[in-house]
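For reference, the structure is listed below as structure tokens.
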Amino acid sequence: MKVLVTGGAGYIGSTATSILLDRGYGVTVLDDCSTGHAESVDARATFINGSILDAATVRKALAGVEAVLHFTAKSLVGESVTKPEIYWNTNVNGSRILLEEMRTLGVKRLVFSSTAATYGEPKEIPITENSQTKPTNPYGASKLAVDYMITSEAVAHGLAAISLRYFNVAGAHKSARGWLTEKHDPETHLIPNILRASAEKPLKIFGTDWPTADGTCIRDYIHVVDLIDAHIAALDAAQPGTHEIINLGSGGGYSVKEVIAAAQSSVGHAIPADIAPRRAGDPAVLIADISKAKSILKWEPTRDIQAMVSDTWESFH
Ligand SMILES: NC(=O)c1ccc[n+]([C@@H]2O[C@H](COP(=O)([O-])OP(=O)(O)OC[C@H]3O[C@@H](n4cnc5c(N)ncnc54)[C@H](O)[C@@H]3O)[C@@H](O)[C@H]2O)c1
């Protein structure tokens, strides 16, 4: 099967591309390298360096394709508050153009990168796919809008679609061509920031007075390779005329202090850290209920926080 990977020069999309190729899929990558990196695209893939906002380019990228893994997005929460227009354009309009071109060309299978940010402040833990969706920033709202768009496309036009709501993706993938890892700029994710902390630039821990056992926030982390395994299962599981929404996490959580402890055991020295005030809008605990992923995708995460930290550490050296 030939698959279009949108955003295939990014952290998660480049990992998906490499693993799909290893498993015998054909892959076309569409990416404008605005936050991704051309050198991360596996040389075996057909690479179209262009924007998802250009319908003619999207049409070209869909040639001969049977399914799409749609990773393209802007995904910085803070930037989405100050420049929401970028998020409505790339995330929502880009997805609209993709769906339109898929419909025109008869490409009927889609797996979309949704996010835990669609839920906002949780009323219950763990978060299920039926939990309230009340995003607290334009990034989460734009992803929720795309989820609605995909549901209506499936109902009206028979698309087979699955949205995967990722919690915190971490870790790195050692491909035959070298490590594929997080190269975000700015980097807002905890594990790379822990591993890059130094005496000159210590890690900031945002609050140690949360209602958790050690006072720091708890998040659910999933290894990027487990995440891609779930995408490949989703490609097979998607049913015509149906849009399933499925959480992807580990189903458990780690506090910021626990992630730091895991990192210290990988790097063999203390992580320099300062305590900063809480950030507005940060929930104390975010943990996914992953029972739907287990039952529909016949999938389970297999890599723990230590693997996520040590793979990232190795990929940085
Ligand atoms: N990393 C996480 O923890 C996480 C969590 C939840 C959801 N997600 C979602 O997963 C997806 C991938 O995230 P990532 O961490 O790999 O981000 P990333 O920024 O590394 O990858 C996104 C890719 O999309 C490309 N892109 C952006 N605008 C484009 C455009 N107009 N046309 C073509 N390409 C364009 C970028 O160049 C980049 O390569 C995103 O949709 C993100 O919202 C990520």
Restricting to segment 150-178, count the residues that are of a type in the set (A, V, I, L, M) and without any contact (Cβ under 8 Å) to a residue 40 or more places away in the chain.
1
Out of (1) touching a residue at least 40 places away in the same chain (Cβ under 8 Å); (2) out of contact with any Lys or Arg (no Cβ under 6 Å at 6 or more places or on another chain); (3) assigned to a helix (DSSP H, G or I), the odd one out for ASP226 is which?
(2)
Selection from segment 162-221 of residues of a type in the set (A, V, I, L, M), over 22 Å from ALA276 (Cβ atoms) and within 11 Å of the ligand (Cβ to nearest atom) yields LEU164, VAL169, LEU180
Members of segment 12-39 found to be part of a helix (DSSP H, G or I), farther than 22 Å from MET1 by Cα and touching a strand residue (DSSP E or B) at 6+ places or on another chain (Cβ under 9 Å), listed by number:
ALA38
Tell me which of these SER18 doesn't satisfy, since it passes every other one: (1) in contact with a His (Cβ under 7 Å, 6 or more places away or on another chain); (2) within 12 Å of the ligand (Cβ to nearest atom).
(2)
Can you give me the number of residues within segment 106-128 that are within 15 Å of the ligand (Cβ to nearest atom) and either in contact with a strand residue (DSSP E or B) (Cβ under 7 Å, 6 or more places away or on another chain) or farther than 19 Å from GLY249 by Cα (or both)?
11
Residues of segment 27-62 that turn out to be surrounded by 18 or more Cβ atoms within 10 Å (Cβ to Cβ), within 8 Å of the ligand (Cβ to nearest atom) and not small (Gly, Ala, Ser), as a count
5
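Would you mind stating whether VAL111 is hydrophobic (A, V, I, L, M, F, W, C) and modelled with pLDDT under 95? Steps first, please.
On the way: hydrophobic (A, V, I, L, M, F, W, C): yes; modelled with pLDDT under 95: no.
Judged against the criteria, VAL111 is not a match.
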If I ask for residues that are modelled with pLDDT of 95 or more and out of contact with any strand residue (DSSP E or B) (no Cβ under 9 Å at 6 or more places or on another chain), which ones from segment 272-290 would you list?
none
Please find, among THR216, THR212, THR181, THR188, the residue that is surrounded by fewer than 16 Cβ atoms within 10 Å (Cβ to Cβ), in contact (Cβ under 8 Å) with a residue 12 or more places away in the chain and either outside the structural domain of LEU235 (by TED's automatic domain parsing) or touching a Phe, Trp or Tyr at 6+ places or on another chain (Cβ under 8 Å) (or both).
THR188
Name, by its number, the condition in (1) under 24 Å from PRO138 (Cβ atoms); (2) among the β-branched types (Val, Ile, Thr); (3) part of a helix (DSSP H, G or I) that does not hold for THR57.
(1)
Working only within segment 63-104, note down all residues that are in a loop (DSSP other than H, G, I, E, B) and within 9 Å of the ligand (Cβ to nearest atom).
PHE71, THR72, ALA73, LYS74, SER75, LEU76
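The values are calculated or read from the model by the stated rules, or taken from the named source; none is laboratory data. This one's a predicted model, so the numbers in the text were calculated from it and none came from an experiment. Cβ coordinates were reconstructed from backbone atoms using ideal geometry, including for glycine residues, and neighbour counts include every protein chain displayed.
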